[in-house]
Amino acid sequence: MKNIVLIGFMGSGKTVISKVLSKKLKRDIVDIDVLIEKKTKMKIKNIFKKFGEEYFRDLEEKITAKVSKKKNIIISTGGGIIKRENNIKNLKKNGIIIYLKNTFKTSCERLKGKKNRPLFNEKNLKATKKLFLQRLKLYKNAADIIIKTDNKSIKQVSEEIIEKIKYL
């Protein structure tokens, strides 16, 4: 079976939805950000701080290429996975890409007080909103399925995904 690949902006629910899908569909989860942290033995925010975003994106691209070769898994991606075309090409080879779409306001509500997001800045929401708007088209273009997550429970989003992938 094809992989289920979750994409979306920070706070869209990729990690938590992947856990629910894993239980319901009895599939393993591969979280690309977790793999990067294990490989580097560093938190992502520290990778950004010490080496910069491009270095992080290079690591992300290499790990995505490896993970994409697996089958019948759920892949939780980082919010910027769509910045590199190779990532999307690789993920599409064995996967169905599901864009968990939400408003910027929803992301801010979900991320409030979180310190582990290197590109989310509560003190400069204008910069974060600019990033959000830049990525919208990339998410949409990469997606096979778009699921709106605003005002929905984790259970509702998970059930909607399961219902939509039945027909693929």
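So for the chain, averaging the separation of alpha carbon pairs under 8 Å that are six or more residues apart and normalising by length, what relative contact order in percent results?
Here the relative contact order equals 34 percent.
Which pairs, out of Lys50/Lys148; Lys71/Lys92; Lys101/Lys137, put more than 23 Å between their alpha-carbon atoms?
Lys50/Lys148, as the Cα separations exceed 23 Å there.
If I histogram all Cα-Cα distances within region 1-135 using bins 10 Å wide from 0, what percent of pairs lands in each bin?
Bin by bin from 0 Å, the calculated values are 12, 43, 37, 8, 0.
Which residue, Asp31, Asp144, Asp58, tops the fluctuation ranking in a GNM of the chain built on C-alpha contacts under 10 Å?
Asp58
Each residue of region 62-79 in order: what ³J(HN,Hα) in whole Hz does its phi give by Karplus 6.51 cos²θ - 1.76 cosθ + 1.60, θ = phi - 60°, with x for Gly and Pro?
For region 62-79, the Karplus curve yields 5, 5, 4, 4, 5, 4, 4, 7, 6, 10, 6, 10, 10, 10, 9, 9, x, x Hz.
Give, rounded to the nearest 20 debye, the magnitude of the charge dipole that the chain has about its Cα centre when Lys and Arg contribute +1 at Cβ and Asp and Glu contribute -1 at Cβ. Please report the intermediate quantities before stating the final value.
Values: 44 positive and 17 negative charges, 42 e Å.
About 200 debye.
Under a GNM of the chain (C-alpha, springs under 10 Å), which listed residue has the highest mean-square fluctuation: Ile88, Ile154, Ile17?
Highest fluctuation of the listed residues: Ile154.
Around Lys101, which amide H atoms from residues at least 5 apart in sequence, or from another chain, sit under 5 Å from its own amide H, with H modelled in the peptide plane?
Ile147, Lys148, Thr149
Name the most mobile residue of Gly11, Gly79, Gly52, meaning the one with the largest mean-square fluctuation, in a Gaussian network model of the chain with Cα contacts below 10 Å.
Gly52
Would you grab the residues whose amide H sits under 5 Å from the one on Ile73? Only those 5+ places off in sequence or on another chain, please, with H modelled 1.01 Å from N.
Here Asn3, Ile4 satisfy the definition.
Read the figures in this text as sums done on the coordinates, not as results from a lab. Here the structure is a predicted model, which is why all the values come from computation and not from measurement. For neighbour counting, all protein chains shown are included, and Cβ atoms are generated from backbone atoms with ideal geometry for every residue, glycine included.
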